There are 2 protein chains.
Amino acid sequence: MVPPDEQRVGSGPPWVSVGFTLSQLGLETARQFGRITGQFDIEPRHFAVMSAVRLAPDQSQQGIGDGLGIPASTMVTIVDQLEDKGLIERRHLTSDRRTRALHLTAKGESLHDAALEAAKAQEARICAELEPHEREQLLELLGKVRASLGVDATRLPDPAGG
Amino acid sequence: MVPPDEQRVGSGPPWVSVGFTLSQLGLETARQFGRITGQFDIEPRHFAVMSAVRLAPDQSQQGIGDGLGIPASTMVTIVDQLEDKGLIERRHLTSDRRTRALHLTAKGESLHDAALEAAKAQEARICAELEPHEREQLLELLGKVRASLGVDATRLPDPAGG
DNA sequence: TATTGTTATACTCTATAACTATA
DNA sequence: TATAGTTATAGAGTATAACAATA
């Protein structure tokens, strides 16, 4: 597949806006994370699926997809790609032969570990100008904004943007 | 029967991350802004173009597009749509008959005014849980993150005073 | 009959490149 | 020859719906 599109909309409102700033910084953060996953030859959504599978192994493919807001037909494509790379495996459950329980391979786990390390390095770069207590403050303030936006604290952003 | 991390439905990083939070909140903010512009039968990019045109009237179509990172052929589509709605006009400059100088119609200006008001209402909702000094703090901290991310600050004035 | 996974398809969106008219 | 705008088109990505196997 192809790297995320490069379109940006750079004109904000004529006042200092939390909303516009969040959109701007969120988009750039996601873009940079896309470059990070790219170094491991995967996209952010592959990383998201691998994270979800690791957190809840042997769940069904559509179950994982539902948790991430990814439609079933798209999940097939994503898991196909991960399987082609030897990062994930589909298992048939004995109880219900329709479902394909997902789990990471050893290779998948080590790649996910490495990508996690790279993500931590990104986090460090993003927060480079913040004192530790400022970072805590920022997270606390963003928590209040999160509540106002009605965003569930536990769910990954939909990598498809829909 | 219930695993320890049953509460964690999604699969974000196992540490509290500024980057992940920014992606999440930025995406949701943009989504909600899309619904706001939708109430005026336009998309965020139409609003962005109208804002840029209002800020720099009688600039060329491609000049506006360059400032927003929108390719020339896409600008044609956007300006076509705005023109069809009677919100914008293309003028031929006497000096160079190739360029189409853009300016908002009266209808375009009043729609843009109304959309700005709606955007301010969104900003108020987003910041509803923040004390005024907390909002200032948040913007200051995001400014430091902005620098680390390498995102240019918007150099737009603040005529509304807020 | 309902559900999981898969496949096929139609639709949208975007950007590249060709084309025009001016310069 | 170069540039502003336009048009045509091909490509990627997505989601809807049909289909197969199993329950």
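The values are calculated or read from the model by the stated rules, or taken from the named source; none is laboratory data. This one's a predicted model, so the numbers in the text were calculated from it and none came from an experiment. All Cβ positions, even for glycine, are placed from backbone atoms using ideal geometry, and neighbour counts span all protein chains on display. We work out accessible area using only protein heavy atoms, side chains counted, and drop any ligands, DNA or RNA first. Shrake-Rupley method; radii C 1.70, N 1.55, O 1.52, S 1.80 Å.
The table below gives the values:
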read-out: Sole exception among (1) closer than 24 Å to A:THR29 by Cα; (2) within 14 Å of chain B (Cβ to nearest Cβ) for A:LEU111, by number; value: (2)
read-out: Residue in the range A:97-107 that is part of a helix (DSSP H, G or I), open to solvent by less than 80 Å² (accessible area, probe 1.4 Å) and either closer than 30 Å to B:GLY34 by Cβ or within 16 Å of DNA strand C (Cβ to nearest atom) (or both) present; value: no
read-out: Condition met for B:VAL145 (within 9 Å of another protein chain (Cβ to nearest Cβ), modelled with pLDDT under 95, away from DNA strand C (no atom under 16 Å from the Cβ) and open to solvent by less than 60 Å² (accessible area, probe 1.4 Å)); value: no
read-out: Test: B:SER23 is modelled with pLDDT of 95 or more, surrounded by fewer than 14 Cβ atoms within 10 Å (Cβ to Cβ), closer than 22 Å to A:PHE20 by Cα and of a type in the set (Gly, Ala, Ser); value: no
read-out: For A:LEU149: the one exception among (1) within 30 Å of B:ARG146 (Cα to Cα); (2) under 17 Å from the mean Cα position of the chain (by Cα); value: (2)
read-out: Unmet requirement for B:SER51, which otherwise passes all of (1) without any contact (Cβ under 8 Å) to a residue 60 or more places away in the chain; (2) closer than 23 Å to B:THR37 by Cβ; (3) among the hydroxyl-bearing types (Ser, Thr, Tyr); value: (1)
read-out: Cβ-Cβ under 8 Å pairs, at least 6 apart or on other chains, the range B:55-73 side in contact (Cβ under 8 Å) with a residue 40 or more places away in the chain, far side more than 8 Å from DNA strand D (Cβ to nearest atom) and β-branched (Val, Ile, Thr); value: B:GLN59/B:VAL53
read-out: Matching entry among B:LEU87, B:LEU93, B:LEU104 (being within 11 Å of DNA strand D (Cβ to nearest atom) and more than 11 Å from chain A (Cβ to nearest Cβ)); value: B:LEU93
read-out: Residue selected from the range B:46-70 under the condition open to solvent by 30 Å² or more (accessible area, probe 1.4 Å) and not small (Gly, Ala, Ser), by the criterion nearest to DNA strand D (Cβ to nearest atom); value: B:GLN62
read-out: Residue match in the range A:71-82 (condition: under 20 Å from the mean Cα position of the chain (by Cα), small (Gly, Ala, Ser), under 10 Å from A:VAL49 (Cβ atoms) and within 11 Å of DNA strand D (Cβ to nearest atom)); value: no
read-out: Helices (runs of 4 or more DSSP H) enclosed by the range A:12-69 - at least 1 residues per element that are touching a strand residue (DSSP E or B) at 6+ places or on another chain (Cβ under 9 Å) and more than 7 Å from chain B (Cβ to nearest Cβ); value: A:44-55, A:61-68
read-out: Residue count, the range B:70-96 (criterion: assigned to a loop (DSSP other than H, G, I, E, B) and within 12 Å of DNA strand C (Cβ to nearest atom)); value: 6
